[in-house]
Amino acid sequence: MDFTQPAGQNLFDTARVIGRPQTRIDGPLKVAGLAKYAYERHEVAPGQLVGYPVAATIAQGRVTAIDTDAAMAAPGVAGIVTTLEIGDMPKPFSMNVAPLFGGDRVWHYHQAVAVVVAESFEMARAAAALVKVSYDVTEGSYDLEAEWAKRRDDASDADADVGDFAGAFAQAEVTLDEEYRTPGHSQAMMEPHASIAEWQDGKLTVWTSNQMIAWNRKSLATTFEMDLDDVRVDSPYVGGGFGAKLFLRADAVMAALAARKLGRAVKVALPRPMIMNNTTHRSQTIQRVRLGAGRDGRLTAVSHIAISHSLPGGSGENAVDQTRHFYGGANRLIAKHVAEMHLPEANAMRAPGEASGLMALEVAMDEMAERLGMDPVEFRILNDIQTHPESGLPFSDRNLVECLREGAARFGWADRNTAPGAQRDGQWLIGHGIAGAYRGAPADTSAARIRLQPGGTLVVETDMTDIGTGSYTILAQTAAEMLGLEVAAVEVRLGDSAFPVSAGSGGQFGAASATAGVYAACEALRTEIGRRLGANDADTLTFADGRVTVGTETVALADLAAEGEIVAEDGIDFGDFRDDDHVVSTFGAHFVELGVHALTGEVRLRRMLAVCDAGRILNPITARSQVIGGMVMGVGAALMEEIAVDRGRGFFPAHDLAGYEVPVHMDIPAQEVVFLDTLDPVSSPLKAKGVGELGLCGVAAAVANAVHNATGVRVRQFPITLDRYLDRLPGA
């Protein structure tokens with residue numbers, strides 16, 4: 001099905017299932033421990049061996065020798081695969097930056113250099129400790145500050161250069177020129193990277209934990225130089241990813257190599273201490289924001305220059321992207337730099353670009369409002385736009401002002417503390433903060449297969465994944481809506497490369513794309529049912545209560561399939577009009593109240609509010625879950641999360657969930673989420689957009705702005721830890 005024009009009136013506008021609260025259909029399986037995650041799939045292949053990886057202990061250089069004699073002699077060891085015996089392997093995918101295995105070159109700390117395979121996990125781990133690796137160490141680049149010093153004023157290769165920024169900034173009545181720093185972040189998902197691999201008759205099956213099945217399958221085929229048809233990937237449940245499982249990772253490669261060598265199925269999970277350095281993370285950034293405005297508060301000059309880092313060939317963190325779309329300002333200079341450094345791979349993490357970029361931009365907007373003597377909400381409203389400031393294209397549906405006004409009313413913004421450091425509750429300094437939220441709303445080709453079973457059950461098959469987002473549930477709701485069924489009558493099967501290819505989970509495109517793909521497949525099934533009933537136009541059919549009516553004839557769906565299942569398959573292709581003629585995005589506003597203890601500097605959040613504009617909300621329960629999860633992640637980014645860098649050795653020393661702090665229940669107060677529940681007919685046939693990353697965007701800045709409001713102290717380096725403001729607190 002081609003989506004070539006904005007959606008008109010359709011059945012989703014009078015929906016009885018879509019848009020209604022529906023608890024997760026996979027929830028009972030998960031809380032009962034019956035949802036099998038990758039490492040737990042003991043039944044898929046008999047006689048599974050266990051692999052334990054050996055990781056490089058240098059950041060740059062070459063492996064000169066690997067002594068495996070002691071390890072091979074250890075109890076239970078079945079075999080060892082080393083990077084030297086494999087040699088260089090093809091790069092799996094354009095988005096993979098670091099090689100995953102093979103060859104003597106060490107590109108980063110904790111790169112996998114061997115895998116020890118044994119009869120049990122304990123045996124493999126003990127033997128892995130006996131492997132001795134020799135290296136030829138070379139120097140690397142690990143200091144982003146040094147790179148920034150060379151490029152701070154360089155905008156020669158600008159992403160956007162509109163008007164005369166230098167002239168407008170020089171003439172502006174009120175200006176701001178500040179630098180902001182965000183650290184590297186780890187996805188820190190609960191489930192580690194894990195895979196089971198088995199070869200049969202030259203064909204490879206990998207049971208894994210991955211967000212993008214088609215990408216993973218193609219990457220495996222490329223890496224092992226196989227035909228795509230000879231590779232199967234299966235990942236029905238994913239225990240979190242946040243971008244770390246978008247691409248093929250070393251666990252799957254090592255499992256497949258070991259299984260091929262030993263002729264038995266092998267499972268490999270990356271140990272938690274290895275994940276932080278072996279896989280991916282969000283890059284550290286340094287950002288310079290310059291704003292110029294008239295006394296009336298209207299922006300006339302906007303500049304955002306940022307630097308991040310990557311291994312050679314990577315793209316880093318695009319921290320300036322949201323600034324190109326979010327606020328007005330006729331004169332604009334926006335540029336990003338990527339410093340080639342030899343730290344572990346920097347790549348996509350939830351809301352790549354915007355999460356870091358808004359930590360700078362929205363603090364800068366708060367500072368600018370203060371210099372102008374304006375309400376930060378009203379300052380943002382004044383600089384809202386309805387057409388893109390560079391291209392002039394219209395936004396398909398943009399309701400940022402409504403988010404700000406609705407949020408201000410619900411939060412009681414008019415009664416906030418207006419003088420930094422002036423409001424107290426005993427020993428607590430009380431602060432209020434606000435930040436805008438922006439995230440693009442892309443969509444991609446997505447397909448599904450629908451099976452109407454004898455008995456009337458509907459089966460949905462697609463390689464879409466559920467990474468905790470609610471994919472199972474919203475796809476069941478979509479199919480139930482299309483065929484007039486209850487959600488309980490729909491079975492959803494996900495994550496198998498034998499199913500039609502979906503958009504996958506990532507980039508906030510999964511929900512809008514995959515539901516549109518199921519819609520297209522259901523339309524194909526409705527057409528087939530109409531053909532069997534002699535109706536040439538599926539629009540003349542009415543589906544309700546498990547029955548279909550055409551004219552005066554009503555037939556139970558179960559009766560239609562009584563002699564055999566009815567199968568239909570189709571997908572959605574999004575036409576050029578969507579992105580060539582419009583800017584399709586999501587918007588929001590975050591409000592925070594917190595207290596800072598006047599004696600200790602401890603920060604305690606008191607309440608949080610998010611107001612989101614993301615098109616039709618397909619399921620308020622799962623959507624809210626996504627947003628509050630993003631809000632929690634934003635609190636972590638604001639107050640505690642940091643991948644510290646050992647600049648001498650080129651690695652991240654805090655490489656587990658004890659050393660890398662994330663928020664816990666006691667850190668998070670009451671959270672309120674409001675959806676405007678607007679409709680965007682340009683976005684998809686369901687008029688929906690993703691919301692999974694919007695909930696994170698801007699939260700850290702709102703917290704930072706609230707800390708300033710409470711204390712009068714402005715912190716421009718995240719996370720906001722005691723060492724960065726304690727000595728500047730007002731007198732107790």
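The values are calculated or read from the model by the stated rules, or taken from the named source; none is laboratory data. Just so you know, these numbers come straight off a predicted model, no measurement behind them. Glycine also receives a Cβ, built like all others from the backbone with ideal geometry; neighbour counts cover every protein chain displayed. For accessibility, only protein heavy atoms count, side chains too; no ligands or nucleic acids. Shrake-Rupley method; radii C 1.70, N 1.55, O 1.52, S 1.80 Å.
Quick notes on this structure:
- Residue list for the range 652-691, restricted to those being crowded, with 18+ Cβ neighbours inside 10 Å and without any contact (Cβ under 8 Å) to a residue 40 or more places away in the chain: Pro663
- Pro376 meets the conditions (1) surrounded by fewer than 16 Cβ atoms within 10 Å (Cβ to Cβ); (2) in contact with a helix residue (DSSP H, G or I) (Cβ under 8 Å, 6 or more places away or on another chain) in every case but one. The failed one is (1).
- Matching residues, the range 110-126, being under 11 Å from Pro53 (Cα atoms) and touching a helix residue (DSSP H, G or I) at 6+ places or on another chain (Cβ under 8 Å): His110, Gln111, Ala112, Val113, Ala114, Val115, Val116, Val117
- Checklist (1) at pLDDT below 95; (2) of a type outside the set (Phe, Trp, Tyr); (3) within 21 Å of Phe718 (Cβ to Cβ) applied to Asp153, failing item: (3)
- Pairs meeting the criteria (first residue in the range 692-711 and closer than 14 Å to Asn417 by Cα, second residue open to solvent by 10 Å² or more (accessible area, probe 1.4 Å) and outside any loop (DSSP other than H, G, I, E, B), beta carbons under 7 Å, at least 6 apart or on different chains) are Asn705/Asp366; Ala706/His432; Ala706/Glu593; Val707/Val603; Asn709/His432.
- Pick from the range 699-721, criterion more than 29 Å from the chain's Cα centre (by Cα) and among the hydrophobic types (A, V, I, L, M, F, W, C), ranking: nearest to Arg371 (Cα to Cα): Val713
- Given (1) farther than 30 Å from Asp296 by Cβ; (2) surrounded by fewer than 15 Cβ atoms within 10 Å (Cβ to Cβ), number of the condition Glu198 does not satisfy: (2)
- Within the range 545-589, restricting attention to residues that are of a type in the set (Val, Ile, Thr) and within 27 Å of Asp2 (Cβ to Cβ), the residue that is modelled with the lowest pLDDT is Val550.
- Matching residues in the range 539-561 - criterion: being over 21 Å from Glu461 (Cβ atoms) and either of a type in the set (Gly, Ala, Ser) or part of a strand (DSSP E or B) (or both): Leu541, Thr542, Ala544, Arg547, Val548, Thr549, Val550, Gly551, Glu553, Thr554, Val555, Ala556
- Filtered residue count, the range 201-219, keeping only those that are open to solvent by less than 10 Å² (accessible area, probe 1.4 Å), touching a helix residue (DSSP H, G or I) at 6+ places or on another chain (Cβ under 8 Å) and of a type outside the set (Gly, Ala, Ser): 5
- Taken together, Met365, Met374 contain a single residue that is part of a loop (DSSP other than H, G, I, E, B) and either free of Cβ contacts under 8 Å to residues at least 60 places away in the same chain or under 18 Å from Ala408 (Cβ atoms) (or both), which is Met374.
- With respect to the conditions (1) without any contact (Cβ under 8 Å) to a residue 60 or more places away in the chain; (2) open to solvent by less than 10 Å² (accessible area, probe 1.4 Å), Ser315 lacks only one, and its number is (2).
- Among residues of the range 380-398, those that are open to solvent by 20 Å² or more (accessible area, probe 1.4 Å), out of contact with any helix residue (DSSP H, G or I) (no Cβ under 9 Å at 6 or more places or on another chain) and not aliphatic (A, V, I, L, M), counted: 6
- Selected residue (only one of Val518, Val501, Val592, Val596 is out of contact with any His (no Cβ under 8 Å at 6 or more places or on another chain), among the β-branched types (Val, Ile, Thr) and assigned to a strand (DSSP E or B)): Val596
- Taking the criterion of being surrounded by 12 or more Cβ atoms within 10 Å (Cβ to Cβ), touching a residue at least 12 places away in the same chain (Cβ under 8 Å) and either among the β-branched types (Val, Ile, Thr) or more than 24 Å from Ala330 (Cβ to Cβ) (or both), the residues of the range 138-162 that qualify are Thr138, Gly140, Ser141, Tyr142, Asp143, Leu144, Glu147, Trp148, Arg151, Arg152, Val162.
- For the range 596-603, the condition of being open to solvent by less than 20 Å² (accessible area, probe 1.4 Å), of a type in the set (Val, Ile, Thr) and closer than 20 Å to Phe411 by Cβ holds for at least one residue.
- Whichever residue in the range 82-108 is open to solvent by less than 50 Å² (accessible area, probe 1.4 Å) and in contact with a His (Cβ under 9 Å, 6 or more places away or on another chain) and, among such residues, is farthest from Gln48 (Cα to Cα): His108
- Taking the conditions (1) at pLDDT 95 or above; (2) over 25 Å from Met212 (Cα atoms) in turn, Gly87 satisfies each one other than (1).
Residue-by-condition table, conditions (1) in contact with a strand residue (DSSP E or B) (Cβ under 6 Å, 6 or more places away or on another chain); (2) part of a strand (DSSP E or B); (3) loosely packed, with under 14 Cβ neighbours inside 10 Å; (4) without any contact (Cβ under 8 Å) to a residue 60 or more places away in the chain:
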residue	(1), (2), (3), (4)
His42	no, no, yes, yes
Pro46	no, no, yes, no
Tyr52	yes, yes, no, no
Ile58	yes, no, no, no
Ala65	yes, yes, yes, no
Ala71	yes, no, no, no
Pro75	no, no, yes, yes
Ile80	yes, yes, no, yes
